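Enquirer: I have a structure here, written as structure tokens, and I will follow up with some questions on it.
Where a number appears in this text, it was derived from the coordinates with a stated rule and is not lab data. Note that the structure is predicted; figures quoted are calculated from it, not measured. Glycine gets a Cβ as well: all are built from the backbone with ideal geometry, and neighbour counts include every protein chain shown.
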Amino acid sequence: MPLLATLRVMIALAQAHSGLTLTATHALSRADTRTLFDALVWPDYDKTEVLGINKVLNEADVMPVETTRLIAQAAKFFRRRERKLLATKIGQDLAAEDQSPELFRRLFALVLWRLDLGSLDRLPIKGWTRCSRR
């Protein structure tokens, strides 16, 4: 699953560099965005086209990176501290290869039932159903 693979790379990068650097608007820095873009394997995402349109890559220019960060923060796999995005203990634990089923389960539940997908592009989806946990 591309989201899991991208999330694992993001967590590994955060651990290796004592966090990911954030801009003043809380987006990933261009350097971290480019590193994640280069490692990215996402179906039907044409990296050549993205590079043809953009001289530099801001997080908003790379939909898979921005989406992964927003979902990971909603899942509490990352937390902000000043201008850094740090992997939480649960994020680090679930990034381990043997935790794939639990990571997938949590992301599936979050993305399909708890997260307003419209919030990822700042346009709310009207009538999006949400199931409450009982």
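Enquirer: Under 16 Å from a point placed 7 Å out from the Cα of Ser18 along the Cα-to-Cβ direction: which residues of region 70-91 have their backbone N that close?
Expert: It comes to 81-87, nothing else.
Enquirer: Now for a different question. Taking the beta-carbon count within 10 Å as an exposure proxy, list Ile53, Ile90, Ile71 from fewest neighbours to most.
Expert: If I rank by nearby Cβ atoms, fewest first, I get Ile53, Ile90, Ile71.
Enquirer: Provide the gained length on full extension for the span Lys76 to Val56, in nm with one decimal, where the gain is 0.36 nm per separating residue minus the Cα-Cα distance.
Expert: 4.3 nm
Enquirer: Each residue of region 28-42 in order: what ³J(HN,Hα) in whole Hz does its phi give by Karplus 6.51 cos²θ - 1.76 cosθ + 1.60, θ = phi - 60°, with x for Gly and Pro?
Expert: Here the 3J(HN,Hα) series is 5, 5, 4, 5, 5, 4, 5, 4, 5, 4, 5, 8, 5, 10, 9 Hz.
Enquirer: Rank the residues Phe108, Phe77 as a footprinting-exposure proxy: fewest other Cβ atoms within 10 Å of their Cβ go first.
Expert: Phe108, Phe77
Enquirer: Additional query: Give the order of Lys76, Lys55, Lys47 when sorted by the count of other beta carbons within 10 angstrom, beginning with the fewest.
Expert: Exposure proxy ranking, most exposed first: Lys55, Lys76, Lys47.
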